[in-house]
Amino acid sequence: MRDALYKWVKEFDYESTPIERMDLIELSKAVKEVELVDELESDNVSFVRILWVNISGQHRCRAIPRKHFYDVVKKNGIGLAFVSIVMTSVLDRPAPGSGLGLVGDARVAPDLSTIRTIPWCKQDEMVLGDLNVKPGQAWEYCPREAFRRVTKILKDEFDLVVNAGFEIEFFLLKSTMREGKEEWIQFDSSPYGCSSAFDVASPILREVTYALHSMGIPVEQLHVETGKGQFELVLGHTICTKAADNLVYTREAVRAIARKHGLLATFIPKYTLDDVGSGCHVHLSLWQNGQNVFMSSDESSKYGISTLGKEFMAGILHHLPSILPFVAPLPISYDRLNPTTWGSYLLWGNENRNAPLRTCSPGIPGGLVSNFEFKPFDGTANPYLGLAATIAAGIDGLRRHLSLPEPIDIDPNLDNLQRLPKSLSESLEALHKTDFFDEFIGQKLLTIIEAIGKVNILNCFVVRHILT
């Protein structure tokens, strides 16, 4: 029908047939209405999903019919209530004291450089959104904008960029009925690196890998992790702004494909208290003019790290207690960061997996180090805010030429080490005591982070009290 109408409009003899301007306007409207009806009646209705990550680290989206997206939303974005950005992780409602409420609208503007066909729903596309106060003007509460601001400072002051690569741990859960109620239990109980567990999960993992590769996201390896039904997916490193986007799309892919196979995927840092937790470790390196300048230029350097690299790491180590609310944002995050696992004391080491910061030299001769692993990061963090806080701390190390202490490469005497915050309350207290992040993150965003953290603590206390 639409094609026939288009053909009629195109072949109409406007010169020999009298027609009023109003008739043309009405005809144009009719064409658009017919096009819309055809689209909605078609089995191939397509949407563009605009995704954003709120300050709690939750993925949110709006689905827009494809034609309306490209005709209108592509340029103008969509309205979003201020309150949507401050929903807490525990309850889908705003955090008291955040400074944002039911009054006011932001605009979610699609970043068209991130648009991708959705591999598991190929008639649709998805795109990441920036939060603006109006088209072209960034909102001060936008996590992506805060992250870009930090990376710009690093580039402007030191001509450096950060490359990042994430190692994403998650549990696969299957449904079971117990006493007439549905429960979700771990998908498998095989030990670390078990090939039979990989065989069972390979249809899902293969589809995830295909989906990521089709979106230009490199997967370097996958393996069965230590927890029951736990897996790890390692992404290739790239410039940090793109790495954060890749992490968002990876989470989307893992969750969606698991659901397609009748399973649930969770990135929660501690699914059960009697099993290991899940992290989202990130490997970081410094680059300048296409060269890795985190790595020392020769073998004479102590630890195989350049001066820039040591100062950058020293800044992160110095500010680590106050970075934790950004990278370990839930009370249950601290059940993962405890002495029975790793990463609970303020130290760094060479290939020391018990350290929150670990230098890595994968296949590099001469003791040279190409990157370091930052282990406290978990899968519930907003990746833009987590990386922004981490890089901001590194910038402080560069500005003040901070010294990196001696590494600890043996099982340490814990009595001689500083314990990292044992709870979200303690890490929020460390954040509250410093004004360092004001320049980088902004006071208003910091206020929201603290407000959301307090609500999560309160609700976690209530839930645990009920359960016990």
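The values are calculated or read from the model by the stated rules, or taken from the named source; none is laboratory data. Fair warning: this is a prediction, and the values are worked out from it, not measured in the lab. Reconstructed Cβ throughout: ideal geometry from the backbone, glycine too, with neighbour counts over all protein chains shown. We work out accessible area using only protein heavy atoms, side chains counted, and drop any ligands, DNA or RNA first. Shrake-Rupley method; radii C 1.70, N 1.55, O 1.52, S 1.80 Å.
Observations on the model:
- Near pairs, Cβ below 9 angstrom, 6+ apart or cross-chain, from region 385-414 (outside the structural domain of GLU439 (by the TED database) and of a type outside the set (Lys, Arg)) to any residue that is modelled with pLDDT of 95 or more and buried (at least 24 other Cβ atoms within 10 Å of the Cβ): none
- A Cβ distance below 7 Å, combined with a sequence gap of six or more or placement on separate chains, defines the contacts here; from region 264-290, residues that are in contact (Cβ under 8 Å) with a residue 24 or more places away in the chain and farther than 28 Å from SER370 by Cα reach residues that are acidic (Asp, Glu) and open to solvent by 30 Å² or more (accessible area, probe 1.4 Å) in the pairs LYS270/ASP335; LEU273/ASP335.
- Candidate set from region 47-106 (those that are open to solvent by 20 Å² or more (accessible area, probe 1.4 Å) and of a type in the set (S, T, N, Q)); member that is farthest from LEU446 (Cα to Cα): ASN76
- Matching residues in region 187-236 - criterion: being in a loop (DSSP other than H, G, I, E, B), within 17 Å of the chain's Cα centre (by Cα) and surrounded by fewer than 21 Cβ atoms within 10 Å (Cβ to Cβ): MET215, GLY216, PRO218, GLY236
- Taken as a whole, the condition of being farther than 19 Å from SER403 by Cα and either open to solvent by less than 10 Å² (accessible area, probe 1.4 Å) or among the β-branched types (Val, Ile, Thr) (or both) does not apply to ALA314.
- For region 377-425, the set of residues classified as open to solvent by 80 Å² or more (accessible area, probe 1.4 Å) and under 30 Å from HIS59 (Cβ atoms) consists of LYS422 only.
- Of all residues making up region 159-183, the number that are in contact with a Lys or Arg (Cβ under 9 Å, 6 or more places away or on another chain) and open to solvent by 20 Å² or more (accessible area, probe 1.4 Å): 1
- Qualifying position, being out of contact with any Phe, Trp or Tyr (no Cβ under 9 Å at 6 or more places or on another chain) and part of a helix (DSSP H, G or I), among GLY386, GLY366, GLY397: GLY366
- Selection of region 328-354 for residues being more than 21 Å from the chain's Cα centre (by Cα) and either polar (S, T, N, Q) or within 20 Å of ASP396 (Cβ to Cβ) (or both) yields ASN338, THR340, THR341, SER344, LEU346, LEU347, TRP348, ASN350, ASN352, ASN354.
- Scanning region 293-304 for residues that are modelled with pLDDT under 95 and not in a helix (DSSP H, G or I) gives MET295, SER296, SER297, ASP298, GLU299, SER300, SER301.
Residue-by-condition table, conditions (1) modelled with pLDDT under 95; (2) within 24 Å of GLY277 (Cα to Cα):
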{"position": "CYS360", "(1), (2)": "yes, yes"}
{"position": "LEU368", "(1), (2)": "yes, no"}
{"position": "ASN382", "(1), (2)": "no, yes"}
{"position": "THR390", "(1), (2)": "no, yes"}
{"position": "ASP409", "(1), (2)": "yes, yes"}
{"position": "ASN416", "(1), (2)": "yes, no"}
{"position": "GLU426", "(1), (2)": "no, yes"}
{"position": "ALA430", "(1), (2)": "no, yes"}
{"position": "PHE436", "(1), (2)": "yes, no"}
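- Test: ILE153 is of a type outside the set (Asp, Glu), under 23 Å from LYS242 (Cα atoms) and surrounded by fewer than 18 Cβ atoms within 10 Å (Cβ to Cβ): yes
- Some residue of region 306-327 being at pLDDT below 95, in contact with a helix residue (DSSP H, G or I) (Cβ under 6 Å, 6 or more places away or on another chain) and within 21 Å of LEU398 (Cβ to Cβ): no
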